[in-house]
Amino acid sequence: MIVEAGDTDGLIAAIETGNANGPLIETRIRIEGSTPFQFTAPLAESGKALPDVSGFISIGPRALGAALLVLQGNGEFALARCVLEGRLRLVGAFVSDFHNTGDGGALALDQGCRAEISNSTFMSNSSNGNGGAISGSGGTLTRVFSSRFVGNTAVNGGGINLSGSSSARVEQSVFFANDATDEGCHFSQDSNRGINFPEFATFIGGSLFSDEFECGVPYVFSSDGVANLASNTFITGQGNDTFVDGSAGELNVYGSIFDSEAFELESGSRSERQPLAPSEPEDSCDDSAASIFNSLGYNISSDDTCPLDAATDLVNTNPMLGNNGDGYPVPEPGSPALDGGLSDVLVLPGQELAVLPCGYVDLSGTARPQDGNNDGVYSCDIGAMEAIGPGMVLPGHSGAFYNPSRDGEGTYVEILNDTTAVIYTFSYRPDGSGPAWFIGVAEIRGNSLVVEELLRPVGTSFGSGFDPTDIEFTPVGSMNMVFPNCILAAPGGSVAYTGDAEEGFGRAGFEAVLTQAVRLSSIVGTGCGAGDPSPNAGLSGSYFDPNRDGEGIIVEWLKNGSVLVVFFTFDENDNQLWLLGIGEPDGMTVTMDALYAASVTTWGRDFDADEVSIETWGTFTLTWTACGTLVFEYTASVGTYGSATRNYSRLSTLADTSCPDF
């Protein structure tokens with residue numbers, strides 16, 4: 001439903017409608033316009049600006065790239081509370097000037113709530129209790145992605161506080177100038193409140209904890225629960241004694257930077273050692289006897305107060321950080337952080353499924369990992385930021401790519417213009433029950449393609465059972481592809497999938513994958529330089545039947561004269577299915593054997609190419625009637641798929657291609 005920006009009554013009514021729909025049906029509230037929502041008085045029934053969230057509520061701008069959704073209080077009451085196993089998604093919001101006399105200055109998450117917050121900023125919110133911006137208690141699960149926490153204050157956890165068996169996952173976020181009067185200026189966990197088991201927090205994929213001003217308590221990041229810290233950067237301010245405290249909890253630390261020698265990013269480079277007056281912090285870490293500080297390796301600390309004892313840790317080491325232009329501390333040339341981390345997925349303590357060791361992008365949007373030293377190995381830079389490697393995406397990057405050691409899965413790339421591409425992935429389900437395929441629209445960023453939301457269409461069946469209204473485009477995380485060049489012979493480029501394995505959000509259990517991108521096909525007309533014009537170049541692209549939106553084919557007219565076709569569809573039992581074939585064209589017609597995975601393997605670390613068997617499914621025939629239309633015919637020789645003829649229309653056109661005359 002659409003709500004006009006600034007219409008507080010309309011937003012309240014939309015949330016009440018979503019609550020009535022319950023926690024199993026997502027109510028998408030899209031905000032039209034840029035007028036701020038200004039709240040001057042709380043609702044009598046909730047004591048907050050908005051009703052308690054007990055349904056499945058998704059709030060965000062109507063269009064991608066639209067102005068931020070501004071939610072502004074007057075410093076006297078909180079924004080909202082999520083309760084009773086409700087679900088809250090907040091996208092592209094700027095939340096400021098809310099206050100709670102209890103926990104959660106802006107958002108109080110309680111009673112099993114599931115909250116996902118992305119691309120949002122929380123500024124100048126406050127609490128007389130815990131969590132100046134957000135508090136999680138009562139078994140809540142919170143995911144925060146690409147968000148900012150600035151100038152929030154509380155007793156514990158100026159930015160975020162967890163208690164009551166709650167868990168959080170924070171990725172690519174910034175914590176700056178938050179404050180607390182007890183512990184954890186930016187973040188705190190409290191397991192000493194009568195809870196039977198500790199909270200669990202994961203900070204992964206590049207978050208920055210930074211203060212140019214003195215934190216009012218000894219610890220910037222305080223954990224009395226279980227916390228995984230992976231690929232983060234801790235930058236000091238003036239007079240802070242300690243960044244990280246694990247006084248009564250468990251800290252598992254990987255690939256992070258602890259820089260206790262204060263410097264101003266705006267004034268130059270970290271290697272110049274420019275201290276801030278009047279004082280510098282004494283320690284980076286406080287590891288009391290009651291805590292467990294477990295180094296997973298690949299950490300850098302500018303002093304020796306963190307118990308970093310892995311062989312790959314570097315203590316008393318200058319990380320050599322400099323301002324990257326966006327105000328973030330990126331490794332400079334010669335820094336020990338450059339390509340200093342892992343080149344494979346990571347399994348964190350307490351988790352079964354793999355994660356990307358440094359996420360898929362850094363705070364500036366640079367794809368991770370890069371090959372900074374151009375040695376053909378894609379290793380994470382240590383810390384929150386990634387230095388950009390060689391390469392530039394060109395129209396010639398259209399084509400198919402795979403990892404030779406993972407033969408049987410891969411990606412198809414369509415470069416549409418200078419800014420946009422489409423990526424199709426074909427692979428298998430995590431339980432090994434059959435094929436899986438994803439689709440994503442990618443932004444071109446220098447040498448990389450970045451898909452913010454990778455989608456997995458599910459919910460319908462093959463042939464006459466196909467119903468486009470039954471299809472649900474389920475998110476399966478994000479991905480990137482990094483290309484050091486256009487030829488992409490082995491070892492090729494890199495492909496990173498975040499997966500969707502986070503528990504508690506109804507995901508399908510696809511864990512993270514970090515793999516190679518070696519070229520498998522080159523499309524006629526899409527050269528790596530100026531291109532190689534061909535009369536059939538424009539026939540490549542994606543096609544579909546507008547009446548059967550949700551399935552379709554991709555076509556590649558190859559430089560060797562063959563035509564490659566991949567059919568993304570569904571089987572007879574409502575599962576995903578992909579079929580492929582290669583044939584020799586005869587004029588504007590091509591017929592080929594269609595192949596399918598008769599036996600399959602699994603997604604992720606257990607992928608075994610030897611388990612995959614590709615066998616004949618039937619035949620495809622494609623006949624072009626014009627540049628943008630074709631007739632697609634199939635005849636199956638297995639199962640009860642039968643045969644059919646479809647009239648397909650063009651869905652995409654590759655960059656730098658043009659069509660033959662008809």
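List of remarks:
- Listed by position, the strands (runs of 3 or more DSSP E) inside the stretch 266-350 whose residues that are under 24 Å from the mean Cα position of the chain (by Cα), modelled with pLDDT of 65 or more and loosely packed, with under 14 Cβ neighbours inside 10 Å number at least 2 form an empty set.
- The set of residues in the stretch 419-443 that are in contact with a helix residue (DSSP H, G or I) (Cβ under 9 Å, 6 or more places away or on another chain) and farther than 15 Å from Y497 by Cα comprises A421, G432.
- In the stretch 591-647, the residue that is farthest from N403 (Cα to Cα) out of those that are within 36 Å of the chain's Cα centre (by Cα) and of a type in the set (D, E) is E615.
- Those residues of the stretch 478-498 which are at pLDDT 90 or above and not in a strand (DSSP E or B), in sequence order: S478, F483, P484, N485, C486, G492, T498
- Residues that are open to solvent by less than 10 Å² (accessible area, probe 1.4 Å) and in a strand (DSSP E or B) were ranked within the stretch 109-125; the one that is modelled with the highest pLDDT is F122.
- Hits in the stretch 4-48 (condition: open to solvent by less than 20 Å² (accessible area, probe 1.4 Å), in contact with a Phe, Trp or Tyr (Cβ under 9 Å, 6 or more places away or on another chain), more than 14 Å from Q72 (Cβ to Cβ) and of a type outside the set (G, A, S)): T27
- Total residues in the stretch 135-186, condition surrounded by fewer than 24 Cβ atoms within 10 Å (Cβ to Cβ) and more than 23 Å from the chain's Cα centre (by Cα): 11
- Of all residues in the stretch 167-213 being at pLDDT 75 or above and small (G, A, S), the one that is farthest from D362 (Cα to Cα): A180
- Candidates are the residues of the stretch 361-396 that are open to solvent by 30 Å² or more (accessible area, probe 1.4 Å) and of a type in the set (G, A, S); the one that is nearest to G492 (Cα to Cα) is G391.
- Output for the stretch 1-24, where each listed residue is over 20 Å from L109 (Cβ atoms) and not small (G, A, S): M1, I2, V3, E4, D7, T8, D9, T17
- Number of the exception - A168 against (1) part of a strand (DSSP E or B); (2) of a type outside the set (V, I, T); (3) touching a Phe, Trp or Tyr at 6+ places or on another chain (Cβ under 9 Å); (4) farther than 23 Å from G359 by Cβ: (4)
- Failed criterion for D661 (all others in (1) within 30 Å of the chain's Cα centre (by Cα); (2) on the phi < 0 side of the Ramachandran plot hold): (1)
- Taken over the stretch 568-591, the residue count meeting the criterion of being within 18 Å of V612 (Cβ to Cβ) and either touching a Lys or Arg at 6+ places or on another chain (Cβ under 6 Å) or part of a strand (DSSP E or B) (or both) is 8.
- Boolean, D371 is more than 29 Å from S542 (Cβ to Cβ), out of contact with any Cys (no Cβ under 9 Å at 6 or more places or on another chain) and either touching a residue at least 60 places away in the same chain (Cβ under 8 Å) or in a strand (DSSP E or B) (or both): yes
- Residues that are closer than 15 Å to A80 by Cβ and part of a loop (DSSP other than H, G, I, E, B) within the stretch 1-43 comprise F39, A41, P42, L43, listed in sequence order.
- Of all the criteria given as (1) touching a Leu at 6+ places or on another chain (Cβ under 6 Å); (2) open to solvent by 40 Å² or more (accessible area, probe 1.4 Å); (3) closer than 25 Å to L363 by Cα, the one not satisfied by E452 is (1).
- Of all residues making up the stretch 429-459, the number that are among the hydroxyl-bearing types (S, T, Y) and under 24 Å from P390 (Cα atoms): 1
- The stretch 629-641, residues that are more than 16 Å from L580 (Cβ to Cβ), open to solvent by less than 50 Å² (accessible area, probe 1.4 Å) and touching a helix residue (DSSP H, G or I) at 6+ places or on another chain (Cβ under 9 Å): L630
- Considering residues of the stretch 404-426 that are among the polar types (S, T, N, Q) and buried (at least 22 other Cβ atoms within 10 Å of the Cβ) only, the residue farthest from G440 (Cα to Cα): T411
- For the stretch 351-360, the set of residues classified as of a type outside the set (V, I, T) and surrounded by 24 or more Cβ atoms within 10 Å (Cβ to Cβ) consists of L356, P357, C358, G359, Y360, listed by residue number.
- Of the residues examined, F56 is one that is open to solvent by 10 Å² or more (accessible area, probe 1.4 Å), of a type in the set (F, W, Y) and in contact with a strand residue (DSSP E or B) (Cβ under 9 Å, 6 or more places away or on another chain).
The values are calculated or read from the model by the stated rules, or taken from the named source; none is laboratory data. All of these numbers come straight from a predicted model, not from anything done at the bench. Heads up, the Cβs are rebuilt from the backbone with ideal geometry, glycines too, and the neighbour counts pull from every protein chain shown. Just the protein is used for accessible areas: all its heavy atoms, side chains included, with ligands, DNA and RNA removed. Shrake-Rupley method; radii C 1.70, N 1.55, O 1.52, S 1.80 Å.
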